[in-house]
1. If you check B:Ser187 against the conditions, is it of a type in the set (Ser, Thr, Tyr) and either in a helix (DSSP H, G or I) or in contact with a His (Cβ under 7 Å, 6 or more places away or on another chain) (or both)?
2. Which ranges mark the helices (runs of 4 or more DSSP H) fully within region B:1-114 that have 2 or more residues being modelled with pLDDT under 55 and more than 24 Å from A:Val32 (Cβ to Cβ)?
3. Scan region B:126-157 for residues that are surrounded by 16 or more Cβ atoms within 10 Å (Cβ to Cβ), at pLDDT below 75 and not in a helix (DSSP H, G or I) and jot them down.
4. Taking region B:144-189 only, how many residues are acidic (Asp, Glu) and closer than 22 Å to B:Arg112 by Cα?
5. I'd like to verify a number: residues in region B:158-182 that are assigned to a strand (DSSP E or B) and of a type in the set (Gly, Ala, Ser), how many?
6. If we keep just the residues of region A:40-57 that are touching a helix residue (DSSP H, G or I) at 6+ places or on another chain (Cβ under 6 Å) and in a helix (DSSP H, G or I), which is nearest to A:Gly123 (Cα to Cα)?
Amino acid sequence: MRAPPDLIEHLPRLRRYARALTRDSGRADDLVQDTLERALARLDRWQPGSDLRAWLFTLMHNLFVNQIRARGAQETVIDDAPDQPVSGGQFEALVARDIHAALGHLPEAQREVLLLVGLEQFGYAEAAQVLGVPIGTVMSRLARARENMRRMLAAESAVTLRRVK
Amino acid sequence: MIEDVREDELHAYVDGVLPAARRLEVESWLAAHPADAARVEAWAAQNRLLHGAFDPVLNEPLPLALVRAARRPAPVSSLRAVAAALALIAAGLIGYAAGLGTHDALPMQQARLARDAAIAHVVFSPETRHPVEVDAAHAAHLVAWLSKRVGTPLAAPDFSAQGFHLLGGRLLAGETGPVAQFMYQDSIERRVTLYVRRAAADKGVTAFRHAREEGLDVFYWIDGDFGYALSGPIGRPAMQQLADAAYRQLEADTQ
């Protein structure tokens, strides 16, 4: 019997991706836990020598998509904190909230591509493999995601500037 | 003359995956096309914001529930699984019968302590580069840091009389709160770990218990508010000696 691959070393990055995907630490760790359970149950389907990290992210992607589907239409955008007045000198916190809120407004498919490429530094072909879509789809989603984020973050900072003045 | 830069190439530029020659051409293009340059700068800023917002997750202590999930053997085929489940139910019934009217959660929680300690040992002791988060050269800082996080003064027992020196320690996240792990090593690089967590409902004092988990000998006990578990691959008699030494020192410290 071959030694099982070590999943522990992938935990920190799975947690980072899940956290960014859900922006909820409890939900994120549940997603990681489900991913690990599925990985261990299907370990015989993993090709030794192939990229374990990409395989784990693929499993997580499938679980995430299933969750979204299961929630279906009932999910409205509830994960955006209501606009809070900004206290002076908290630029860091403000930016962190902006990016959280902006991610929450992105359609899931765009959010996933943006995070796989921009945060997890997957190559375009790897991201396509994880998501099970052609590379052209990755590129078009990435372009839309980045432009949507740019508009949202620009709008946020405009609002902020007016408020601070 | 630079060939027109495609949208995809602007993204590839931001993500650092363009070949060097093309990269230079894209830079010249951007110098001449301010609107593209502004978009590219905004996209690069998004990547920085994402890292700023989520990289701290990489340095959080790993929740033990996930460490445990990552190590659990894959579910075995039906017959063995059924047998194991039946055995568990039987054990539960016996445990329930034995514990009627008493504190029947106790042995379960303590068994969990030994199991978690052994898993944490197996996960972190093979590390050659980062077996510990804080090394022993900063022993005072380490003990202060872990004490602060666990919420009570801790002490790292001294095992030099048994031939083990302190390598350092790390913090983990357990169900009942933070967990401190101290790691020791002897002259032939065998490692033992002392796992300390706040006791849940199992306050009080218990005798040493011994368990075999993950191929290790684990000695564990509860003392006051804390559960301790010492794990290592050095054989039961040697582990017993270390556990005795730890118990004596920790006892002396709290008096």
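The values are calculated or read from the model by the stated rules, or taken from the named source; none is laboratory data. Every value quoted in this text rests on a predicted model; they were computed, and no experiment measured them. Don't worry about glycine lacking a Cβ; one is built from the backbone with ideal geometry, like all the others, and counts go over all protein chains shown.
1. Numbers: of a type in the set (Ser, Thr, Tyr): yes; either in a helix (DSSP H, G or I) or in contact with a His (Cβ under 7 Å, 6 or more places away or on another chain) (or both): no.
Here the answer is no, as B:Ser187 does not meet what is asked.
2. On the way: elements: B:7-14, B:20-32, B:34-54, B:64-71, B:78-99.
Of the helices (runs of 4 or more DSSP H) lying wholly inside region B:1-114, those with at least 2 residues that are modelled with pLDDT under 55 and more than 24 Å from A:Val32 (Cβ to Cβ) span B:78-99.
3. Those that are surrounded by 16 or more Cβ atoms within 10 Å (Cβ to Cβ), at pLDDT below 75 and not in a helix (DSSP H, G or I): B:Pro131, B:Val132, B:Glu133, B:Val134, B:Asp135.
4. In the first step, residues of region B:144-189 are kept if they are acidic (Asp, Glu); the result is B:158, B:175, B:186, B:189.
Restricting the remaining residues to those that are closer than 22 Å to B:Arg112 by Cα gives B:175.
Residues that pass the stated criteria total 1.
5. Narrowing region B:158-182 to residues assigned to a strand (DSSP E or B): B:165-174, B:177-182.
Pick out the ones that are also of a type in the set (Gly, Ala, Ser) and you get B:168-169, B:173-174, B:177, B:180.
Final tally of qualifying residues: 6.
6. At the first step, the residues of region A:40-57 found to be touching a helix residue (DSSP H, G or I) at 6+ places or on another chain (Cβ under 6 Å) are A:46, A:53-54, A:56-57.
After this cut, where a residue has to be in a helix (DSSP H, G or I) as well, the list is A:53-54, A:56-57.
On the way: A:Arg53: 13, A:Ala54: 11, A:Leu56: 16, A:Phe57: 13 Å.
The qualifying residue nearest to A:Gly123 (Cα to Cα) is A:Ala54.
Residues checked against (1) more than 18 Å from B:His165 (Cβ to Cβ); (2) part of a strand (DSSP E or B); (3) among the polar types (S, T, N, Q):
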| residue | (1), (2), (3) |
| --- | --- |
| B:Ser231 | no, yes, yes |
| B:Pro237 | yes, no, no |
| B:Gln240 | yes, no, yes |
| B:Ala246 | no, no, no |
| B:Glu251 | yes, no, no |
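Conditions tested, residue by residue: (1) within 18 Å of B:Leu172 (Cβ to Cβ); (2) assigned by TED's automatic domain parsing to the domain that holds A:Leu115; (3) small (Gly, Ala, Ser); (4) buried (at least 16 other Cβ atoms within 10 Å of the Cβ).
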{"position": "A:Leu11", "(1), (2), (3), (4)": "yes, no, no, yes"}
{"position": "A:Leu14", "(1), (2), (3), (4)": "yes, no, no, yes"}
{"position": "A:Tyr17", "(1), (2), (3), (4)": "no, no, no, yes"}
{"position": "A:Arg23", "(1), (2), (3), (4)": "no, no, no, yes"}
{"position": "A:Leu31", "(1), (2), (3), (4)": "no, no, no, yes"}
{"position": "A:Leu36", "(1), (2), (3), (4)": "yes, no, no, yes"}
{"position": "A:Asp44", "(1), (2), (3), (4)": "no, no, no, no"}
{"position": "A:Asp51", "(1), (2), (3), (4)": "no, no, no, no"}
